[in-house]
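A.B. asks: A single structure is presented below for examination.
Just so it is clear, none of the values below were taken in a lab; they were calculated from the coordinates. Note that this is a predicted model, so its numbers are computed, not measured. Positions of Cβ are generated from backbone atoms using ideal geometry, with glycine treated the same way; all protein chains shown enter the neighbour counts.
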Amino acid sequence: KAGVTQTPRYLIKTRGQQVTLSCSPISGHRSVSWYQQTPGQGLQFLFEYFSETQRNKGNFPGRFSGRQFSNSRSEMNVSTLELGDSALYLCASSFEGKSTEAFFGQGTRLTVV
Amino acid sequence: GNSVTQMEGPVTLSEEAFLTINCTYTATGYPSLFWYVQYPGEGLQLLLKATKADDKGSNKGFEATYRKETTSFHLEKGSVQVSDSAVYFCALSDRNNDMRFGAGTRLTVKP
């Protein structure tokens, strides 16, 4: 079955703009989590959605938001982009989300200039 | 809250050397423990997992044992190959799906 698909793979945006990233989970998976990966901070948890509801949230400012649709696809949005938002954004899906393994997409590389 | 601490890298080994990457965790209850691997330009891939105390996860020659008494899940491989060069992440997930990752350890294996 198809893996986790993230689009786009690469993105260049200007400071102050906003961006929307998309994640299609593995078929049947209802939990989708988002992570930010940077060389300095490592892998940081943004939020998790389960059945269209945000279930967990990391320690990021309100400029970072997300949503999940009825087909479990998820989007994350970053408004008023800053240079420090440049990172690899990873999406992971899991079946129920209860201590089960997560399957990761290849990520979206966002560069803010 | 839950947290994972893993050995700082980078780690550089010669081919066929023994590998250990240390990982300890802090969590309430009985989390599941994972090792993920990230190859250049890729997302994370599950390498192995263990869901209860004394379980041993293994895959591709890598092993890790869930040690509740020492809250550890150290990754080991008896003989590394150049193709094992990657970044390795230790992670835990509790029953609320609160998943936490360690900082990652970059491994380079030289021929």
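A.B. asks: Which trypsin sites (Lys or Arg not before Pro) from the stretch A:15-79 combine a DSSP loop assignment with at most 13 other Cβ atoms within 10 Å?
C.D. replies: Values: sites: A:R15, A:R30, A:R55, A:K57, A:R63, A:R67, A:R73; in loops: A:R15, A:R30, A:R63, A:R73.
Loop-located and lightly packed - A:R15, A:R63.
A.B. asks: With a cut-off of at most 16 other beta carbons within 10 Å, and DSSP calling the residue loop, which chymotrypsin sites (Phe, Trp or Tyr not before Pro) in the stretch A:58-113 qualify? Please list them. Present the calculation step by step, with values, prior to reporting the outcome.
C.D. replies: Values: sites: A:F64, A:F69, A:Y89, A:F95, A:F103, A:F104; in loops: A:F69, A:F95.
Hits after loop and neighbour filter: A:F69, A:F95.
A.B. asks: Something else: Taking the convex hull of the Cα atoms, report for the protein assembly as shown its projected area averaged over all directions, in nm².
C.D. replies: 12.1 nm²
A.B. asks: Considering the convex hull of the alpha carbon atoms of chain B, report its projected area averaged over all viewing directions, in nm², one decimal. Please list the in-between numbers first.
C.D. replies: Values: hull surface 25.9 nm².
For chain B, the mean projected area of the Cα convex hull comes to 6.5 nm².
A.B. asks: What is chain A's relative contact order, in percent, from Cα pairs under 8 angstrom and six or more apart in sequence?
C.D. replies: On the way: 294 pairs, mean separation 41.2, N = 113.
Relative contact order here is 37 percent.
A.B. asks: Need the C-alpha centroid separation for the stretch A:13-61 versus the stretch B:1-63, integer Å.
C.D. replies: The stretch A:13-61 and the stretch B:1-63 have Cα centres separated by 22 Å.
A.B. asks: Using just the Cα positions, wrap the stretch B:35-99 in a convex hull and report its mean projected area in square nanometres, one decimal place. Before the final figure, lay out the partial values.
C.D. replies: Numbers: hull surface 19.7 nm².
Computed as one quarter of the Cα hull surface, the answer is 4.9 nm².
A.B. asks: For a test of the definition: using alpha carbon positions, the gyration tensor, and the 1.5 limit on a/c, classify chain A as rounded, prolate or oblate. Display every interim value, and only then the final one.
C.D. replies: Values: a/c = 1.75, a/b = 1.65, b/c = 1.06.
The shape class here is prolate.
A.B. asks: Once amide H atoms are placed 1.01 Å from N in the peptide plane, what residues at a sequence separation of 5 or more from A:F47, or on another chain, have their amide H within under 5 Å of its amide H?
C.D. replies: Residues meeting the amide H criterion: A:W34, A:G58.
A.B. asks: Using +1 at the Cβ of each Lys and Arg and -1 at the Cβ of each Asp and Glu in chain A, identify which of A:S31, A:A87, A:Y10 lies farthest towards the dipole's positive end.
C.D. replies: With unit charges placed on the Cβ atoms, the residue in question is A:Y10.
A.B. asks: Let a ≥ b ≥ c be the square roots of the eigenvalues of the Cα gyration tensor of the stretch A:1-41; is it rounded (a/c under 1.5), or, if not, prolate (a/b larger than b/c) or oblate? Please list the in-between numbers first.
C.D. replies: On the way: a/c = 2.45, a/b = 1.79, b/c = 1.37.
Note, shape of the stretch A:1-41 comes out prolate.
A.B. asks: Using alpha-carbon pairs under 8 Å, 6+ residues apart, how would you state the relative contact order of chain B in percent? Intermediate results must be reported in sequence, preceding the final value.
C.D. replies: On the way: 294 pairs, mean separation 41.2, N = 111.
Answer for chain B is 37 percent.
A.B. asks: Right, next: If you take all C-alpha pairs in the stretch B:8-72, what percent of them are over 17 Å apart?
C.D. replies: Details: 1040 of 2080 pairs.
Cα-Cα pairs of the stretch B:8-72 separated by over 17 Å account for 50 percent.
A.B. asks: In debye, nearest 20: dipole of chain A around its Cα centre with unit charges on the Cβ of K, R (+) and D, E (-)?
C.D. replies: My answer is approximately 140 debye.
A.B. asks: Next up: Once the other residues with Cβ under 10 Å from the Cβ of B:K49 are scored (Lys, Arg +1; Asp, Glu -1), what is the net sum?
C.D. replies: Net local charge, B:K49 excluded: -2.
A.B. asks: List the aspartates and glutamates whose Cα lies under 12 Å from the Cα of B:K77, skipping any in the same chain that are fewer than 8 positions away.
C.D. replies: Counting by Cα, and skipping residues close in sequence, B:K77 has these aspartates and glutamates nearby: B:E15, B:E16, B:E63.
A.B. asks: I want to verify a result. In a Gaussian network model of chain B, Cα cutoff 10 Å, which of these has the top mean-square fluctuation: B:N96, B:N22, B:N59?
C.D. replies: Result: B:N96 has the largest fluctuation of those listed.
A.B. asks: In addition: Within 10 Å of each Cβ in B:34-43, how many Cβ atoms from other chains are there, averaged over the peptide?
C.D. replies: Values: counts 3, 0, 5, 0, 6, 0, 0, 5, 4, 14.
Average neighbour count from other chains, rounded to a whole number: 4.
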